[in-house]
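Asks: Please read through the structure below; I'll follow up with questions.
The values are calculated or read from the model by the stated rules, or taken from the named source; none is laboratory data. Predicted model only: the values in this text are computed from it and were never measured. Note: ideal-geometry Cβ built from the backbone for every residue, glycine included; neighbour counts use all protein chains shown.
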Amino acid sequence: MIQPDSLQRVAVFGATGSIGASALDVIARHPDTMRASVLAAGSKVGELVELCRAHRPEHAVIADEGRFAALRDGLRDAGLQTQAHAGCEALDSLAAGDACDSVVAAIVGAAGLSSTLAAARGGKRLLLANKESLVLAGELLMRAARGAGATIVPIDSEHNALFQCMAACDDPAAVSRITLTASGGPFRGHGRAELADVAPAQAIAHPKWSMGPKISVDSATLMNKGLEVIEAHHLFGLPAERIRVLVHPQSLVHAIVDFVDGSSLAQLGLPDMRTALAVGLGWPRRIASGVAALDLLAQGAKLEFEAPDLDAFPCLALAWRALAAGGTAPAALNAANEEAVSAFLQGRIGFLSIPDTVAATLDAMPVQHADSLDALLAADTQARSVARSRIGRAH
């Protein structure tokens with residue numbers, strides 16, 4: 001447990017990415033109460049060394065073991081005392097050990113799963129931005145966190161909003177429903193027939209944000225919101241029937257919590273990840289994030305909500321189906337979606353073939369117990385094989 005007046009040592013995994021940059025921005029605003037003690041990146045040695053020059057951590061980790069010498073020499077040439085490490089085992093050891101009190105888990109994809117579990121098992125404050133950790137291994141992660149007394153603060157804006165709203169009540173039974181909001185993506189209002197000939201360039205052209213191709217396509221299919229439903233189930237312990245999704249094109253209301261007494265609490269704010277990171281780093285205190293307060297008049301003060309079209313965007317319904325099936329089904333859903341999105345971006349399948357591939361994979365995959373990381377990774381591998389086979393036949 002972090003004491004209120006102690007210096008919080010923060011490990012930032014995925015330091016060279018956008019979430020890492022936002023986390024370091026918030027940390028730098030509070031030099032008297034927190035510091036970056038560990039910085040980790042995938043393969044970008046030059047960027048990692050520059051971050052070490054700015055933030056002076058005790059440890060730096062490059063996931064690509066072949067880049068260890070470059071990191072070690074770069075730190076030495078920069079005159080830094082930062083100790084160089086490489087590989088997944090180093091990440092896990094630093095996440096679980098005495099080098100940090102809190103871990104910002106922002107390594108993208110399944111590569112971030114092991115260190116996230118290590119931080120949970122080490123009883124750390126875990127600022128969770130790695131979606132796959134919950135979708136692939138939500139049961140394992142939450143069990144590890146409970147067993148070690150770890151605190152998980154989600155960094156996705158919607159889940160962070162739920163975290164803030166639900167903190168107003170310490171009785172989980174008092175929550176009747178939670179609502180995740182979705183922007184609707186670039187094809188909001190389109191019918192299924194209009195989506196048949198969508199090109200990759202159209203799917204990645206989000207009306208509000210510039211994101212990577214994969215997450216942009218997930219936003220276009222609403223799979224991103226389906227994955228968030230699965231995450232919310234694990235984070236807050238609510239069954240699927242008490243988790244709702246509403247399309248909210250203004251993207252100012254990030255989530256709503258309904259309570260049994262008829263009250264509803266919503267969290268609003270500008271879409272800036274520094275707010276969620278400041279919540280995670282400062283909780284239960286509120287600390288400055290560098291984000292301005294929301295001016296509803298400047299935004300036009302118009303807030304719209306509508307139900308998602310599950311006929312045009314069946315990926316959201318598929319996620320609910322995987323959640324209801326439980327076990328390895330969410331891992332299969334995620335793996336099949338990754339393969340289908342990749343094939344779509346390569347021009348090998350059409351937009352509507354993404355949900356068709358995911359549905360066929362779920363149909364073909366027997367649901368197993370998600371009782372070990374090995375079982376989940378095996379399901380991931382098998383689902384990718386099934387999805388690739390279907391994509392190959394369709395191409």
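Asks: Considering only region 242-258, I want to know if a residue exists there that is in contact with a helix residue (DSSP H, G or I) (Cβ under 6 Å, 6 or more places away or on another chain), outside the structural domain of D371 (by TED's automatic domain parsing) and assigned to a loop (DSSP other than H, G, I, E, B).
Replies: No: region 242-258 contains no residue that is in contact with a helix residue (DSSP H, G or I) (Cβ under 6 Å, 6 or more places away or on another chain), outside the structural domain of D371 (by TED's automatic domain parsing) and assigned to a loop (DSSP other than H, G, I, E, B).
Asks: Provide a single number: the residues in region 108-125 that are more than 12 Å from the chain's Cα centre (by Cα) and among the hydrophobic types (A, V, I, L, M, F, W, C).
Replies: 5
Asks: Please go through region 368-395 and give me each residue that is surrounded by 15 or more Cβ atoms within 10 Å (Cβ to Cβ) and either among the aromatic types (F, W, Y) or not in a helix (DSSP H, G or I) (or both), ordered by number.
Replies: Matches in region 368-395: Q368, A370.
Asks: Would you check which residues across region 274-295 are of a type in the set (A, V, I, L, M) and either in a loop (DSSP other than H, G, I, E, B) or surrounded by fewer than 17 Cβ atoms within 10 Å (Cβ to Cβ) (or both) and list them? Walk me through it before giving the result.
Replies: In the first step, residues of region 274-295 are kept if they are of a type in the set (A, V, I, L, M); the result is 276-279, 281, 287-288, 291-294.
The answer is I287, A288, V291, A292, A293, L294.
Asks: Would you point out which residue out of C100, C169, C165 is outside the structural domain of V38 (by TED's automatic domain parsing), among the hydrophobic types (A, V, I, L, M, F, W, C) and surrounded by 21 or more Cβ atoms within 10 Å (Cβ to Cβ)? Give the derivation first.
Replies: Values: C100 fails: outside the structural domain of V38 (by TED's automatic domain parsing); C169 fails: surrounded by 21 or more Cβ atoms within 10 Å (Cβ to Cβ).
Exactly one residue qualifies, and that residue is C165.
Asks: Scan region 14-42 residue by residue and report those that are of a type in the set (S, T, Y) and in contact with a strand residue (DSSP E or B) (Cβ under 7 Å, 6 or more places away or on another chain).
Replies: T16, T33, S37 - these are the residues of region 14-42 that are of a type in the set (S, T, Y) and in contact with a strand residue (DSSP E or B) (Cβ under 7 Å, 6 or more places away or on another chain).
Asks: Quick one: which residue in V253, V247, V260, V229 is farther than 24 Å from G20 by Cβ and in contact with a Pro (Cβ under 6 Å, 6 or more places away or on another chain)?
Replies: V247
Asks: Could you say which residue among V247, V260, V253, V229 is closer than 24 Å to I152 by Cβ and more than 16 Å from the chain's Cα centre (by Cα)?
Replies: V253
Asks: Can you name the number of the only condition in (1) over 21 Å from L127 (Cα atoms); (2) of a type in the set (A, V, I, L, M, F, W, C); (3) surrounded by fewer than 22 Cβ atoms within 10 Å (Cβ to Cβ) that F236 fails?
Replies: (1)
Asks: While we're on this one: When you look at G226, is it out of contact with any Gly (no Cβ under 8 Å at 6 or more places or on another chain) and at positive phi, yes or no? Let's see the steps before the verdict.
Replies: Values: out of contact with any Gly (no Cβ under 8 Å at 6 or more places or on another chain): yes; at positive phi: no.
So G226 does not fit the description; no.
Asks: For region 210-230, check the following and say yes or no: at least one residue is assigned to a loop (DSSP other than H, G, I, E, B), buried (at least 20 other Cβ atoms within 10 Å of the Cβ) and either among the charged types (D, E, K, R) or not assigned by TED's automatic domain parsing to the domain that holds V12 (or both).
Replies: The first filter runs over region 210-230 and keeps only residues assigned to a loop (DSSP other than H, G, I, E, B), leaving 210-212, 222.
Imposing the further condition that a residue be buried (at least 20 other Cβ atoms within 10 Å of the Cβ) reduces the set to 222.
From what's left, either among the charged types (D, E, K, R) or not assigned by TED's automatic domain parsing to the domain that holds V12 (or both): 222.
The answer is yes; a qualifying residue exists.
Asks: In the list A317, A324, A298, which residue meets the criterion of being hydrophobic (A, V, I, L, M, F, W, C), surrounded by fewer than 21 Cβ atoms within 10 Å (Cβ to Cβ) and not in a helix (DSSP H, G or I)?
Replies: Details: A317 fails: not in a helix (DSSP H, G or I); A324 fails: not in a helix (DSSP H, G or I).
None of the other options fit; the residue is A298.
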